[in-house]
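The structure appears below as structure tokens.
The values are calculated or read from the model by the stated rules, or taken from the named source; none is laboratory data. Here the structure is a predicted model, which means the values were calculated and not measured. Cβ sites come from the backbone with ideal geometry, for glycine too, and all protein chains shown count toward neighbours. Ligands, DNA and RNA are excluded from the accessible area calculation, which covers all protein heavy atoms including side chains. Shrake-Rupley method; radii C 1.70, N 1.55, O 1.52, S 1.80 Å.
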Amino acid sequence: MATSISYLAGRPALVFVVALLEYYLISLNHLVISANSAPNYNYCRPIEANDTDLIQFALNLEFLEAEFFLYGALGEGLDAISPNLALGGPPPIGGHKANLNPLVAPIIQEFGYQEVGHLRAIITTIGGFPRPLLNLSRENFAALFDQAAGFSLTPPFDPYANSVNFLLASYAIPYVGLVGYVGTIPNLTEPTNRRFVASLLGVEAGQDAVIRALLYKMAHWKVFPYRLTVADFTNLISGLRNKLGGCGIKDEGIIVPETLGAENRTCSNVLSADLDSLSYARTQPEILRIVYATGDESVPGGFYPRGANGNIARRFLNEY
């Protein structure tokens, strides 16, 4: 299919049709694989946990986003900006300053500082735990994109090479936190905690929307030096997250068939949502399966080589 897209590069209408067909094939492939590779503890319903543990769980993703955005924009992370918020946790592995253009650079810098604010807000309001060990290396992202594509990309994908690559790498991160917050709010018992998490969700959703909008503008561009387009990569990443999450389709790329578009009338998918245009939700175990890239909430890996922190994440690691 990638070869076909390359061959039809000069025929925009046919490229669009091929992209839609490719989305169907990618989605079907990931659904079949997902059905055959469900983890032993396939939690798709909310888990039992108190408000503190549920909100603190989000620190894992906030640490990841803060470090990735700060390194990408500034070449340095939380230890340089606000070291006290790391609470003694180890520094990330492999973070680098990205080669960002004048449009993307200040946006990513803003996102990084916003995540610092989120960390401070959660730690101050709820309490925190040490930053987990994070793997932001080129090698980790390359492995993730190979896993999404289903074959080894040549050369290996480098998230720090340019703005397009960094935005695609960013596409893989904030949305997971967004759907996590959507899944968390209904299970909080205290109204003040619901309001607090809703405030975090609002900014996370905005970040994801900006990233998706920037990528949508380039949807049919080929990602140099590969034969896949920007839209192809978003579909592949979304398909992988659906597969790893193991609880059905809760993730969609930026170009979809009309049957998945808003009111079954659009192929644009700047905002990922269900049939009623409501946000998808994910549980904590689903999120761990995705960010570990193992499909199992008890087996660490991916961005968290030693596992995530907090009572919820450690509960599953203790089972392992």
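For region 122-133, indicate whether the set of residues that are in a helix (DSSP H, G or I), aliphatic (A, V, I, L, M) and open to solvent by 20 Å² or more (accessible area, probe 1.4 Å) is non-empty. So that I can check it myself, show each step before the final result.
Residues of region 122-133 in a helix (DSSP H, G or I): 122-125.
Checking the rest, the ones that are also aliphatic (A, V, I, L, M) come to 122-123.
Imposing the further condition that a residue be open to solvent by 20 Å² or more (accessible area, probe 1.4 Å) reduces the set to 123.
Yes, that holds for at least one residue.
Based on what the data block shows, is Asn140 touching a residue at least 60 places away in the same chain (Cβ under 8 Å), part of a loop (DSSP other than H, G, I, E, B) and open to solvent by 20 Å² or more (accessible area, probe 1.4 Å)?
no
Considering only residues that are open to solvent by 10 Å² or more (accessible area, probe 1.4 Å) and either in a loop (DSSP other than H, G, I, E, B) or acidic (Asp, Glu) (or both), which ones fall in region 174-207?
Once the filter is applied, which keeps residues that are open to solvent by 10 Å² or more (accessible area, probe 1.4 Å) and either in a loop (DSSP other than H, G, I, E, B) or acidic (Asp, Glu) (or both), region 174-207 yields Thr189, Glu190.
So which residues in region 254-270 are in a loop (DSSP other than H, G, I, E, B), open to solvent by 20 Å² or more (accessible area, probe 1.4 Å) and of a type in the set (Val, Ile, Thr)?
Thr266, Val270
Residue by residue, here is whether (1) over 12 Å from the mean Cα position of the chain (by Cα); (2) crowded, with 18+ Cβ neighbours inside 10 Å; (3) at pLDDT 90 or above; (4) assigned to a loop (DSSP other than H, G, I, E, B) holds:
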{"residue": "Asn242", "(1), (2), (3), (4)": "no, yes, yes, no"}
{"residue": "Gly248", "(1), (2), (3), (4)": "yes, no, yes, yes"}
{"residue": "Glu252", "(1), (2), (3), (4)": "no, yes, yes, yes"}
{"residue": "Thr294", "(1), (2), (3), (4)": "yes, no, yes, yes"}
{"residue": "Ser298", "(1), (2), (3), (4)": "yes, yes, yes, yes"}
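Across region 89-134, what is the total count of residues that are closer than 14 Å to Ile55 by Cβ and β-branched (Val, Ile, Thr)?
Final tally of qualifying residues: 5.
Check Arg227 against each of (1) within 22 Å of Leu167 (Cβ to Cβ); (2) open to solvent by less than 10 Å² (accessible area, probe 1.4 Å) and name the one condition it does not meet.
(2)
Would you check which residues across region 256-292 are of a type in the set (Val, Ile, Thr), modelled with pLDDT of 95 or more and out of contact with any Lys or Arg (no Cβ under 8 Å at 6 or more places or on another chain) and list them? Steps first, answer last, please.
Step one: list which residues in region 256-292 are of a type in the set (Val, Ile, Thr), which gives 256, 259, 266, 270, 283, 287, 290-291.
Right, trim to modelled with pLDDT of 95 or more and you get 283, 287, 290-291.
Those that are of a type in the set (Val, Ile, Thr), modelled with pLDDT of 95 or more and out of contact with any Lys or Arg (no Cβ under 8 Å at 6 or more places or on another chain): Ile287, Val291.
Condition first: under 13 Å from Leu136 (Cα atoms), aliphatic (A, V, I, L, M) and outside any helix (DSSP H, G or I). Now tell me which residues in region 62-121 satisfy that.
Ile93, Ala98
Just to check your reading of the model, which residue among Asp158, Asp146 is within 15 Å of Gly95 (Cβ to Cβ) and either in a helix (DSSP H, G or I) or modelled with pLDDT of 95 or more (or both)?
Matching residue, one of Asp158, Asp146: Asp158.
Only one of (1) within 13 Å of the chain's Cα centre (by Cα); (2) at pLDDT 95 or above fails for Pro305. Which number is that?
(1)
Of the residues that sit in region 56-102 and are open to solvent by 20 Å² or more (accessible area, probe 1.4 Å) and touching a residue at least 60 places away in the same chain (Cβ under 8 Å), which one is farthest from Pro132 (Cα to Cα)?
Applying the filter and picking the extreme gives Asn101.
Mind counting the residues in region 276-290 that are open to solvent by 10 Å² or more (accessible area, probe 1.4 Å), of a type outside the set (S, T, N, Q) and in contact with a helix residue (DSSP H, G or I) (Cβ under 8 Å, 6 or more places away or on another chain)?
So the count comes out to 3.
Looking at (1) closer than 19 Å to Ala172 by Cβ; (2) open to solvent by less than 50 Å² (accessible area, probe 1.4 Å), which is the one condition that is false for Tyr216?
(2)
Within region 23-77, how many residues turn out to be modelled with pLDDT of 95 or more and under 20 Å from the mean Cα position of the chain (by Cα)?
21
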